[in-house]
1. Residue by residue through segment 6-55, note down the ones that are within 30 Å of Ser141 (Cα to Cα), assigned to a loop (DSSP other than H, G, I, E, B) and either basic (Lys, Arg) or open to solvent by less than 40 Å² (accessible area, probe 1.4 Å) (or both).
2. Quickly run through segment 82-97 and pick out the residues that are within 17 Å of the chain's Cα centre (by Cα) and either loosely packed, with under 12 Cβ neighbours inside 10 Å or touching a residue at least 40 places away in the same chain (Cβ under 8 Å) (or both).
3. Restricted to segment 121-154, and to residues that are open to solvent by 50 Å² or more (accessible area, probe 1.4 Å) and in contact with a helix residue (DSSP H, G or I) (Cβ under 8 Å, 6 or more places away or on another chain), which residue is nearest to Gly80 (Cα to Cα)?
4. Identify all residues within segment 155-173 that are open to solvent by 30 Å² or more (accessible area, probe 1.4 Å) and either in contact (Cβ under 8 Å) with a residue 24 or more places away in the chain or aliphatic (A, V, I, L, M) (or both); write none if there are none.
5. Tell me yes or no: at least one residue of segment 101-111 is within 30 Å of Leu72 (Cβ to Cβ) and either open to solvent by 70 Å² or more (accessible area, probe 1.4 Å) or part of a helix (DSSP H, G or I) (or both).
6. Restricting attention to segment 56-72, report how many residues are closer than 30 Å to Pro97 by Cβ and open to solvent by 60 Å² or more (accessible area, probe 1.4 Å).
7. Check segment 58-70 and report whether any residue there is of a type in the set (S, T, N, Q) and more than 19 Å from Val146 (Cβ to Cβ).
Amino acid sequence: MARSSDAAFYEEQPLRGNKLFFLALVGGVGTIGFFAYAMYKQLLLGEPVGDRPMGDTLLMVFGTFYILLGALLLYMYFAGRLETEVRSDGLYIRFIPFHFKSSHIPLDGVTECEALTYRPIRDYGGWGIRRGVGKKAYNVSGNEGVELRFEDGSKLLIGSKKSRQLAAALESFVR
């Protein structure tokens, strides 16, 4: 989402963190490296890999699948981000690479918004796009955010490194 000219607030948070970096590095690079090596050695050089090598066809199928999976994991780590924008007509959220376009949340049903510190694992089961009974969360890292409460009793948490500014921008449009 490109920042709109009438945005009262805009934030772009990359999907980063030491644990995620380790997972992306080991999972992505390790998987790609292992299967690329195994495919090169067994399919091109004709040398079986391991004590009980997999058949060539199976290695091509699994190797290709896991190399693509590793590349996807690396892509998600480096391209992943949460974009949050507040405009006069509502809140726009886009969690890349999961959303192709921004989700629009009208603010006319919001009764209250509050900047707060929360416990991501205990309160929402971790980071990402989280759903629970009567509540939903979008967060990529940290423990700061803004909780919106709606007329129907549901809640929406938006994780933010600038939670006070986000809350102020939202409050200016909440009736």
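The values are calculated or read from the model by the stated rules, or taken from the named source; none is laboratory data. This is a predicted model, so every value here is computed, not measured. No Cβ is skipped: glycine too gets one built from the backbone with ideal geometry, and neighbour counts run over all protein chains shown. All accessible areas refer to the heavy atoms of the entire protein, side chains included, with ligands and DNA or RNA removed. Shrake-Rupley method; radii C 1.70, N 1.55, O 1.52, S 1.80 Å.
1. Across segment 6-55, the qualifying residues are Ala7, Leu15, Arg16, Gly17.
2. Leu82, Glu83, Thr84, Glu85, Tyr92, Ile93, Arg94, Phe95
3. The extreme case among them is Trp127.
4. Listed by number, the residues that qualify are Lys161, Lys162, Arg164, Gln165, Ala168, Glu171, Ser172, Phe173.
5. yes
6. Of the residues in that region, 10 qualify.
7. From segment 58-70, those of a type in the set (S, T, N, Q) are 64; that's our starting set.
The next check asks that each one be more than 19 Å from Val146 (Cβ to Cβ); those that pass are 64.
Checked segment 58-70: at least one residue is of a type in the set (S, T, N, Q) and more than 19 Å from Val146 (Cβ to Cβ).
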